[in-house]
Amino acid sequence: MRELDRIIEKRGGRKPRVLLHSCCGPCSSSVLEYLTQYFEVTLLWYNPNLYPQAEFERRFRTQVELIEKMGLTEEVGILAESWKHEDYLARAKGLEAEPEGGARCTECFRLRLLECAKLAKKYGFDYFCTTLSVSRHKDAERINALGEEIGKACGVAWLPSDFKKRNGENRSQELAEQYGLYRQLYCGCEFSLHRREEGDKKET
């Protein structure tokens, strides 16, 4: 977060524009609370990993609900893409048996960050970023390395962060509870869903 602090200190009186990829409403809550103090934020909803489509739609509705309940509808725009699960399956091909947090997850991060960077470049944003690092289950170092790599390739600046720090993850949970948000029980893809279901069977 120190590098992000330096960027905020150098911004002067203006609010730079950032395209923020969001993985879900609950995770984005504390991130939006923080970033909107210093940046003009547009949220990108691009999550082709989510499965099934009904889950994708439910999480998107929760995302919109959060922004409304936080009173940010006039402040935070939403750039939403439809369910493109084939994008994710193509990226995950050959990695289906990988453990959670392994190479398949890295490719999932890469897919979503690449789309965010391309759109940030297209629409003239100063930075692109993601909410993914707010979770203790996500490796912020890996996410930041991917962001830097993709940003250089696309010609747009990556906003480095580890949003779980400084009580960020706990704050996101507090806000999700405060606003009565739907909180999912698995990461999102069919592989994580099946592992969750298998674990539930073992416990019964």
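The Glu33 and Ala153 beta-carbon pair, evaluated with R₀ = 45 Å, returns a calculated FRET efficiency of approximately 0.90.
Here segment 1-67 is treated with +1 on each Lys and Arg Cβ and -1 on each Asp and Glu Cβ, and its dipole about the Cα centre works out to around 280 debye. Multiplying the residue separation of His137 and Lys15 by 0.36 nm and subtracting their alpha-carbon distance yields 40.9 nm. Placing a pseudo-label 7 Å from each Cα along the Cα-to-Cβ vector at His194 and Asp87 gives an inter-label distance of 2.3 nm.
Could you run the Debye sum over the Cα atoms of segment 97-164, one equal point scatterer each and no solvent, and tell me log10 of I(q)/I(0) at q = 0.11, 0.13, 0.27 Å⁻¹, two decimals? Computed log10 I(q)/I(0) values: -0.24, -0.33, -1.18.
Springs between alpha-carbon atoms under 10 Å, Gaussian network over the chain: tell me which of Leu114, Leu193, Leu43 tops the mean-square fluctuations. Of Leu114, Leu193, Leu43, the most mobile in the Gaussian network model is Leu193.
The Cα atoms of segment 79-204 define a convex hull whose projected area, averaged across directions, is 9.5 nm².
Taking Glu9, Glu40 and ordering them by how much accessible surface each has at a 1.4 Å probe, largest first, produces Glu9, Glu40. Once the C-beta distance of Ile8 and Glu75 is scaled by a Förster radius of 25 Å, the resulting FRET efficiency is 0.90 to the nearest 0.05. For Leu43, the amide hydrogen comes within under 5 Å of the amide hydrogens of Leu20, Gly77, Ile78, Leu79, counting only partners 5 or more places away or on other chains and with H modelled in the peptide plane. Val76 sits with roughly 10 Å² accessible to a 1.4 Å probe, with DNA, RNA and ligands left out of the calculation. Accessible surface of segment 1-131, 1.4 Å probe: 48 percent of it comes from carbon and sulfur atoms.
The values are calculated or read from the model by the stated rules, or taken from the named source; none is laboratory data. Bear in mind that the values here come from a model prediction, so they are computed numbers and not experimental data. Cβ atoms come from the backbone with ideal geometry, glycine included; neighbour counts cover every protein chain shown. These accessible areas exclude ligands, DNA and RNA; they are computed on the full protein's heavy atoms, side chains included. Shrake-Rupley method; radii C 1.70, N 1.55, O 1.52, S 1.80 Å.
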